[in-house]
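Structure, as structure tokens:
The values are calculated or read from the model by the stated rules, or taken from the named source; none is laboratory data. What you see is a predicted model, and the numbers here were worked out from it, not measured in a lab. When we count neighbours, we look across all protein chains shown, and the Cβ atoms used for this are built from the backbone with ideal geometry, even at glycine.
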Amino acid sequence: MSEIEIRAINYFLAVVESGSLTAAAKRLDLTQPALTKAIRRLEDETGAPLFERGARGVVLTASGETFLRHARTVRSTMAFASNELEALREGRAGVVRIGAGQSWLIENLPEMIRIFRRAFPDVRLHVRGGLDGQLRAALRTTPLDFLLTAISEEGEEPDLVCTPLLADDYKVIAGNRHPLRKKPVVYLRDLLDYPWIMPGPTAYMTLRLEAMFRAAGLPPPDSVIETSELIQFKITLMREAPEMNYLSFHEVRDLKANASRGLSPLPVVGISLRRSTGIVTRRGIIPNPPAVEFAKIVSRVCQRQPSWAGEGGGDSFWAT
């Protein structure tokens, strides 16, 4: 790909991220006519209009949405190349960059890191935590090698490759002194009388929870506290309060054995969800060798878990 084509891709991404040609031109230190000409040239090269222009800025067309996925892949690939070349210049053995969901950070990733460090002591590890949506955005725009996070439904994200490794069961969690403990049976409608702690309105688990309530003809629960912080923070909030949460089995599996922590699952009728979790990477990207070795360790550790759901996992999902 020529230099001008790479520059055109960067111009396109700047317009998308800025929301208007004016803002993008200022960000790129270009005149607006020069940027407009570059975008029109790119549209001529792609053979399709990429933006619809309006009074409030620009909006991607269907062709623009498709081109956006590939443009982000090109930018991320160039970032990967730059980082690997920098590692070679500095004499480093390599870097593995991992994005991980909360249950992975708590349960399995520490052991995986210990195993990897014993085998590859000279490889640096960069670990980034976050919610599913945050991690996916980072995978598309920054030089992350892969994610350890929840798996999307098949076909939802064609630019990503997902390898299921574990299955998570989700439970409604509340304090052991919660008023609903007095009821012999808890139904969905009972949960609407109490506030919730949730990760945010666009988070996958929030959307799935709302869908379950709507399927039962009920309004979604009231989220009075929104936080993406780790489970320990949520546990502290819920211990002596009426708030409830919807958490994975891997995040709360020790609660029954540690009743003194003050929390346990509620036996709710009509609410259940099993979700796969595993390795997510960008389609078409060739990973660096240390990342492949780390993925193999991820797979082997997961195979020992009772909720193992993989079929080869890290040993095969990067095979070409």
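Quick one: count up the residues across region 227-271 that are at pLDDT below 70, part of a loop (DSSP other than H, G, I, E, B) and of a type outside the set (A, V, I, L, M, F, W, C).
Result for region 227-271: 4.
Could you grab the pairs with beta carbons closer than 6 Å, sequence gap of 6+ or different chains, first residue in region 129-153 and farther than 21 Å from residue 294 by Cβ, second one of a type in the set (Lys, Arg) and surrounded by 22 or more Cβ atoms within 10 Å (Cβ to Cβ)?
Every condition considered, no pair remains.
State whether one or more residues within region 201-215 are closer than 30 Å to residue 285 by Cα and either in contact with a helix residue (DSSP H, G or I) (Cβ under 6 Å, 6 or more places away or on another chain) or β-branched (Val, Ile, Thr) (or both).
Within region 201-215, one or more residues are closer than 30 Å to residue 285 by Cα and either in contact with a helix residue (DSSP H, G or I) (Cβ under 6 Å, 6 or more places away or on another chain) or β-branched (Val, Ile, Thr) (or both).
Report, ordered by the first and then the second residue, all pairs with beta carbons closer than 6 Å, sequence separation of six or more or different chains, a first member in region 13-36 that is outside the structural domain of residue 141 (by TED's automatic domain parsing) and touching a residue at least 24 places away in the same chain (Cβ under 8 Å), and a second member that is of a type outside the set (Val, Ile, Thr) and exposed (fewer than 13 other Cβ atoms within 10 Å of the Cβ).
Pairs that qualify, where the first residue is outside the structural domain of residue 141 (by TED's automatic domain parsing) and touching a residue at least 24 places away in the same chain (Cβ under 8 Å) and the partner is of a type outside the set (Val, Ile, Thr) and exposed (fewer than 13 other Cβ atoms within 10 Å of the Cβ): there are none.
Would you pick out the residues in region 16-41 that are surrounded by 19 or more Cβ atoms within 10 Å (Cβ to Cβ) and either under 15 Å from residue 70 (Cα atoms) or within 24 Å of the chain's Cα centre (by Cα) (or both)?
Result: 16, single match.
Among residues belonging to region 61-77 that are closer than 16 Å to residue 142 by Cα and in contact with a helix residue (DSSP H, G or I) (Cβ under 7 Å, 6 or more places away or on another chain), point out the one that is modelled with the highest pLDDT.
68
Output the number of residues of region 51-69 satisfying the condition of being out of contact with any strand residue (DSSP E or B) (no Cβ under 7 Å at 6 or more places or on another chain) and without any contact (Cβ under 8 Å) to a residue 60 or more places away in the chain.
Final tally of qualifying residues: 10.
Considering only region 146-155, state which residues are touching a Leu at 6+ places or on another chain (Cβ under 8 Å) and surrounded by fewer than 20 Cβ atoms within 10 Å (Cβ to Cβ).
If the condition is that a residue be touching a Leu at 6+ places or on another chain (Cβ under 8 Å) and surrounded by fewer than 20 Cβ atoms within 10 Å (Cβ to Cβ), then 152 is the only one that fits.
Can you pull out the residues in region 174-188 that are at pLDDT 85 or above and touching a helix residue (DSSP H, G or I) at 6+ places or on another chain (Cβ under 9 Å)?
174, 178, 180, 183, 186, 188
Give me a count of the residues in region 115-128 that are in a strand (DSSP E or B) and either surrounded by 18 or more Cβ atoms within 10 Å (Cβ to Cβ) or modelled with pLDDT of 90 or more (or both).
Number satisfying all stated conditions: 4.
In this structure, is residue 89 basic (Lys, Arg) and modelled with pLDDT of 75 or more?
no
Matching residues to (1) over 27 Å from residue 78 (Cβ atoms); (2) in a loop (DSSP other than H, G, I, E, B); (3) touching a Leu at 6+ places or on another chain (Cβ under 9 Å):
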position	(1), (2), (3)
135	no, no, yes
158	no, yes, no
163	no, no, no
166	yes, no, no
181	yes, no, yes
190	yes, no, yes
194	yes, yes, yes
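Checking the conditions here, which among 158, 110, 143 is modelled with pLDDT under 90 and surrounded by fewer than 13 Cβ atoms within 10 Å (Cβ to Cβ)?
Exactly one residue qualifies, and that residue is 158.
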